[in-house]
Amino acid sequence: MERLASLNVAARIPIGVRTTVLGDGSTHSNKSCFPRSIATINHSHRITCIRVQQSGTSDLSKTVTAVGKSAENALEAKEWELRMLQEEVAAGQGIRIRRRPPTGPPLHYEGPFQFHLQNEGSTPRNILEEIIWYKDIEVSQFKERRPLSVLKRAVESAPPTRDFIGALRKAHERTGLPGLIAEVKMASPSRGVLREDFDPVEIAKSYEKGGAACLSVLTDQKYFQGSFENLEAIRKAGVKCPLLCKEFVVDEWQIYYARKKGADAVLLIAAVLSNHDIRYMVKISKMLGLAALIEVHDEREMDRVLGIEGVELIGINNRSLESFEVDNSNTKKLLEGERGDLIRQKDLIVVGESGLFTPDDIAYVQEAGVRAVLVGESIVKQTDPGKGIAGLFGRDISV
Ligand SMILES: O=C(O)c1ccccc1NCC(=O)[C@H](O)[C@H](O)COP(=O)(O)O
C-alpha cells in the first residue's frame, strides 16, 4: 500500500517532487513528477530515485531531507547558471550594468561556467548599478506584498490612459518647438535636493499651466525622494497632461504597478535592459495602453534600440548615468548620419534629455533633430515652475 510522505517532510522538497512511502517502509521519489528542467538537474546530480533501507521514521526523515537538500542545491545551481547566462547575453550586447551583485557559484556547483570576480566583487561599479541592485531587492519585496496576479486584476479596472506620444506631436505642431516633458523631481543623486518646498501636485499644475505637453514623475524613493503616491496624487488632482512614470524598471511588475498608479508612459533604460527585455516590456506596455520611452546614451545603445520592433519613442540622455557628466552634444552625435535618416524614415519621436537650461540649449537639440525635450532641474528650481518654462523656451508656450 502507498501513502504520501507526511507534510512536514514534503515541505522540504521542491514543488514537483512527489515522494511516496512504499509498503516496506522505503520511499520513492517519482521522477515523472519533476518539471522538465528539474528532471535535467536531477539527472546531472544523480538524484533520480531514493530508497530507504530502514523503516524507522527518523531515517526516513533524514533521507528525504537529504534528497530535498540535494534538489535544493541543484535548483540553486541552475538558478545561478541562468543568471550567468543572462549576464553573458547582456555583456554581449554591450550592457555594463550588472543586474545583481555577483555572488559566485553555489558551494556544491559542478558545471561548465567559470566565475570571474570582477572589480571588488559585490561593490557596484557606479551609481546606476547601485540603483539597479537596490531596485532588484525592492521590487522582489513589493512583489511579495502584492503578487503580479493580484496587480493584473487591479489593472483591469484602471481608467483609460492618455496618449503620451500624441500629446508630444501635437505640442510640437502647435508651437514649432520641441514638446516639453516637464519633470516633477525633488532630488537627484548628482544634484542633491533641488527644491525644499516640494509639492508635487502644485508643481504639476504649474507646469501644465505653463504649456508642458506631458509630465515626468520620479517614483524612486531612495535616490530621488519620489514616490508612486506622487504619481497617483497628480493624476487624481485632475492634471490632464499625460504622465511618464520615471522609474528604474527591471521587472514587468513595475509596469503594471505604474499603470495602476495612473501612468500613461514608462521609462525603459537601454543601459540596463537587454534587447529581449526591451522587446518584451514594450509589448507589455502597449498591451496596457502605455507608451514606452526607451532611453539611450551612446551609439551602441541607439543601434540596439533602432533594431527593436515596436519602439516609437527614444530618449537621448545627455547625462551619463554612470559618471554624471552632462554633454548636450551627445544628442547631436547620436542623431547624425544614417541613424538620423533611419529615425526620420521610421517617423520616431526623439526626446532630448537632461542639462537643458536656456533657449539656446533648446534650439541646439532641436536643430539636432529632437521633437521633444525632457527637462527637470532648470524648471523645478524656479519659484514659479510654470513661468520657468517660458524662460527655458524664450517665450510663452502655453498659448
Ligand atoms: O540626475 C541624476 O543624478 C541621475 C542619476 C542616476 C540616474 C538618473 C539620473 N537622472 C535622471 C535624468 O536623466 C534626469 O532626471 C532627466 O533627464 C532630467 O534632467 P535635468 O533636466 O538635468 O534635471
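So which of GLN345, GLN382 is farther than 13 Å from PRO178 by Cβ, more than 16 Å from the ligand (Cβ to nearest atom) and among the polar types (S, T, N, Q)?
Numbers: GLN382 fails: more than 16 Å from the ligand (Cβ to nearest atom).
Just a single option satisfies the conditions, and that option is GLN345.
If the condition is being open to solvent by 50 Å² or more (accessible area, probe 1.4 Å) and at pLDDT below 95, then the range 310-324 contributes GLU322, SER323, PHE324. When ALA167, ALA66, ALA71 are screened for being surrounded by 16 or more Cβ atoms within 10 Å (Cβ to Cβ) and at pLDDT below 95, only ALA71 passes. If the condition is being among the basic types (Lys, Arg) and within 13 Å of the ligand (Cβ to nearest atom), then the range 204-229 contributes only LYS222. Scanning the range 296-306 for residues that are in contact with a strand residue (DSSP E or B) (Cβ under 7 Å, 6 or more places away or on another chain), within 16 Å of SER329 (Cα to Cα) and either among the β-branched types (Val, Ile, Thr) or open to solvent by 10 Å² or more (accessible area, probe 1.4 Å) (or both) turns up VAL296, HIS297. Selection within the range 354-375: residues that are more than 10 Å from the ligand (Cβ to nearest atom) and of a type in the set (Ser, Thr, Tyr). The member of this set that is surrounded by the most Cβ atoms within 10 Å (Cβ to Cβ) is TYR364. The criterion of at least 1 residues that are open to solvent by 20 Å² or more (accessible area, probe 1.4 Å) and within 22 Å of SER157 (Cβ to Cβ) is met, among helices (runs of 4 or more DSSP H) falling completely within the range 177-279, by 228-236, 252-260.
The values are calculated or read from the model by the stated rules, or taken from the named source; none is laboratory data. Here the structure is a predicted model, which is why all the values come from computation and not from measurement. Glycine also receives a Cβ, built like all others from the backbone with ideal geometry; neighbour counts cover every protein chain displayed. Ligands, DNA and RNA are stripped out before the accessible areas are found, and what is left, the full protein with its side chains, is counted by its heavy atoms. Shrake-Rupley method; radii C 1.70, N 1.55, O 1.52, S 1.80 Å.
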